[in-house]
1. If you place +1 on the Cβ of every Lys and Arg, -1 on the Cβ of every Asp and Glu, and leave all else neutral, what size is the dipole of the stretch 8-89 about its Cα centre, to the nearest 20 Debye?
2. As I understand it, the value is the acute angle between the Cα axis of helix 53-68 and the longest principal axis of the Cα atoms of the chain; what does it come to in degrees, rounded to 10?
3. For the stretch 18-92, which trypsin sites (Lys or Arg not before Pro) pass both filters: DSSP loop (anything but H, G, I, E, B) and at most 10 other C-beta atoms within 10 Å?
4. Can you check what the net charge comes to around residue 22, using other residues whose Cβ is under 11 Å from the Cβ of residue 22 (Lys, Arg +1; Asp, Glu -1)?
5. According to a simple spin-label model (label point 7 Å from Cα along Cα-to-Cβ), what is the distance in nm between residue 8 and residue 34?
6. Can you tell me the orientation of helix 73-89 relative to the chain, as the angle in degrees between its alpha-carbon axis and the longest Cα principal axis, to the nearest 10?
7. In the chain, what % of DSSP beta bridges are antiparallel (nearest 5)?
8. To the nearest 20 Debye, how big is the dipole of the stretch 54-97 about its Cα centre, given +1 on the beta carbon of each Lys and Arg and -1 on that of each Asp and Glu?
Amino acid sequence: MSRRPVKTHTFRRRRWLVEDNVKLPDGEFGMCEEPRLAGCEFRRIQIPIDGEELHELDTIIHESIHASCELDEQCVTESATDIARLLWRLGWRKIDD
């Protein structure tokens with residue numbers, strides 16, 4: 001079973017454009033626009049899908065938490081890593097196309 005492309009996703013009743021084939025600046029692993037941008041129909045979340053599996057999972061969760069909640073960076077980072085590690089231990093793995 002191959003991965004289906006995801007173009008949009010809803011987090012807490014807000015629609016987000018999902019960009020997963022992006023080149024981010026050095027040192028950046030993902031990007032999430034401010035959830036409360038005024039006047040925006042869609043906000044953007046950028047998640048490169050080309051990294052090491054556990055790190056990729058961590059980044060997806062990290063940016064999703066940013067889209068869902070207004071938390072400080074340390075809280076988001078710790079929560080995303082904890083969730084990714086739990087899912088990894090439970091057997092989550094990426095399926096190749």
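Please treat every number below as a calculation from the coordinates, not as lab data. These figures come from a predicted structure and were not determined experimentally. Every residue, glycine among them, receives a Cβ derived from its backbone with ideal geometry; neighbour counts consider all protein chains shown.
1. Numbers: 10 positive and 18 negative charges, 112 e Å.
Dipole of the stretch 8-89, to the nearest 20 debye: 540 debye.
2. The angle comes out near 20 degrees.
3. On the way: sites: 23, 36, 43, 44, 85, 89; in loops: 23, 36.
Passing both the DSSP loop test and the Cβ count: 23, 36.
4. Details: positive: 23, 44; negative: 19, 20, 28, 50.
Net local charge, residue 22 excluded: -2.
5. So the two model labels end up 2.3 nm from each other.
6. Between the helix axis and the principal axis of the chain, the angle is about 30 degrees.
7. On the way: 6 of 10 bridges.
Approximately 60 percent, going by the DSSP bridge assignments.
8. Working: 4 positive and 10 negative charges, 67 e Å.
In total the dipole reaches around 320 debye.
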